[in-house]
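Working notes for the structure below.
The values are calculated or read from the model by the stated rules, or taken from the named source; none is laboratory data. Predicted model, so just to flag it, every value in this text is computed and none were measured. Note that we place each Cβ from the backbone using ideal geometry, even for glycine, and neighbour counts take in every protein chain shown. For the accessible areas, the whole protein counts, side chains as well, though only heavy atoms, and no ligand, DNA or RNA atoms are used. Shrake-Rupley method; radii C 1.70, N 1.55, O 1.52, S 1.80 Å.
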Amino acid sequence: MNDISGGSTPTKNYDKLAPKPEGVYAITPDNWPLSGLLDCVEAALEAGVRWVQYRDKQRNAEDKALYGMGLTRMVNFYEGHLVINDSVDLYKELVKSGYPPAGVHLGKNDGDIQSARNAIGPRGVLGVSCYDDFDRAAMAIKQGASYIAYGSLFRSRSKPGATSAPLSLIEKTNVALRVPIVGIGGIDTINVLRVAESGACAAAVITSIFGSEPDPMYTLRVATQMIENFQHGARLRTEGARV
């Protein structure tokens with residue numbers, strides 16, 4: 001592993017130019033009808049969620065654009081940030097249609113990081129999944145990522161075979177890179193406190209906040225509790241740093 005602690009800051013500091021994910025970061029489930037998805041996303045926004053990622057591995061491009069427009073309009077109404085998972089092309093289509101998302105999130109097979117940065121501009125949000133790979137995180141920041149994501153931090157119901165990442169990796173990366181870090185994978189209303197205590201700026205969740213089918217009241221209740229617990233964990237971390 002290379003020692004990157006001395007030269008890891010990107011030339012243009014994209015992690016400082018773009019908005020930083022904070023708190024609970026809701027990722028949309030697959031295969032939900034648009035009306036039910038919008039109802040539950042609005043419930044999460046009502047609870048205080050301000051970061052939403054549109055993740056859709058099933059629909060065709062036309063349907064994704066329709067969902068993307070509806071979600072962007074709703075999230076922007078609540079002055080939140082909608083991030084498009086894995087598709088710079090969808091991001092550009094939504095911008096062209098007058099429904100500009102906040103940015104894009106890329107996995108390891110979703111395209112070139114620098115090309116995505118060039119496409120969305122210097123102030124666009126660009127997240128990169130880094131799994132359990134510290135070197136990938138360092139590379140992603142150098143190539144233009146504004147935040148990186150580690151996980152699965154816990155056993156994930158939506159991705160049971162996902163790579164496991166220790167919470168200690170968040171602390172290590174905070175020290176070496178000092179960039180926004182999102183934790184993902186198996187996060188619930190209880191262990192979200194540990195994610196916040198580890199130094200993550202946000203906790204990304206799918207199943208725990210949306211459940212298995214559209215139920216806005218469930219989403220409102222769980223999102224409210226999760227936000228409270230994340231904030232409590234963040235306070236504990238701050239208080240511990242003062243001791």
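Annotations for the structure displayed:
- Flagged links, alpha-carbon separation over 30 Å, of K20/K64; K96/K172; K64/K172: K96/K172; K64/K172
- Taking 0.36 nm per residue of sequence separation and removing the Cα-Cα distance, the N60/N13 pair yields an extension gain of 13.4 nm.
- Checking every one of the trypsin sites (Lys or Arg not before Pro) in the range 140-243 against DSSP loop status and a limit of 14 other Cβ atoms within 10 Å picks out R155, R157, R178.
- Fraction of accessible area attributable to carbon and sulfur, the chain (%, probe 1.4 Å): 48
- Reducing the range 122-182 and the range 31-108 to their Cα centroids gives an inter-centroid distance of 21 Å.
- Label zone at D132, where the point sits 7 Å out along the Cα-to-Cβ direction: the range 167-186 residues whose backbone N lies under 19 Å: 167-174, 182-186
- Kyte-Doolittle at least -1.0, axis length at least 30 Å by Cα - qualifying DSSP helices, the chain: 216-242
- Extension gain (nm, one decimal) between E22 and K92, 0.36 nm per residue minus Cα-Cα: 22.8 nm
- Efficiency of FRET between S35 and T163 - r from beta-carbon atoms, R0 25 angstrom, step 0.05: 0.15
- Full-stretch length increase - E213, A176 - with 0.36 nm per residue and alpha-carbon distance subtracted: 9.3 nm
- For the range 60-123: accessible area per residue (Å², 1.4 Å): 51
- Whole-number accessible area per residue in Å² for the range 157-243, which is evaluated in the context of all protein chains at 1.4 Å: 51
- Among the listed values (i) 22; (ii) 50; (iii) 12, the one matching percent of Cα pairs over 33 Å apart as calculated from this structure is (iii).
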